[in-house]
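Q: Below you'll find the structure I mean.
The values are calculated or read from the model by the stated rules, or taken from the named source; none is laboratory data. Predicted model, so just to flag it, every value in this text is computed and none were measured. Don't worry about glycine lacking a Cβ; one is built from the backbone with ideal geometry, like all the others, and counts go over all protein chains shown.
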Amino acid sequence: MNHLRAIVALPVTVAILVPALVLRFGPATTGWVLPPWADPARLVILLSSTPLLGWFLGFVLLNLIYIPVLEEPGLERRFGEAYRAYKRNVPRWIPRLRPWTPGRE
């Protein structure tokens, strides 16, 4: 059950909670965010919200730094050569077109 909570907590926080707070309390705010199931009052595109674009870029930058600098060395220490083989065969950000099978490099 704790694992399920952890899986749900990050996406909800990153995709719903923080953007709602950015829109609510950030600059150029016109009011509270409508729930996703409510009818929109106007069409909004990504670049219409500079604070949300900032949140998105900050989150991407944080992950671009955190994963290779902090997470991957820990995985290498924990799993050794098996993880290094995985890294050689599975790109970090772009999915493979065909699945990788360990032992078939």
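Q: With respect to E105, is the statement that it is of a type in the set (D, E, K, R), over 30 Å from V22 (Cα atoms), over 23 Å from the mean Cα position of the chain (by Cα) and modelled with pLDDT under 90 true?
A: It is true that E105 is of a type in the set (D, E, K, R), over 30 Å from V22 (Cα atoms), over 23 Å from the mean Cα position of the chain (by Cα) and modelled with pLDDT under 90.
Q: Moving to a separate point now. Being under 20 Å from N63 (Cα atoms), surrounded by 11 or more Cβ atoms within 10 Å (Cβ to Cβ), β-branched (V, I, T) and modelled with pLDDT of 80 or more: is that true of V18 here?
A: yes
Q: Next question. If you check A6 against the conditions, is it modelled with pLDDT under 85, aliphatic (A, V, I, L, M) and not in a helix (DSSP H, G or I)?
A: Here the answer is no, as A6 does not meet what is asked.
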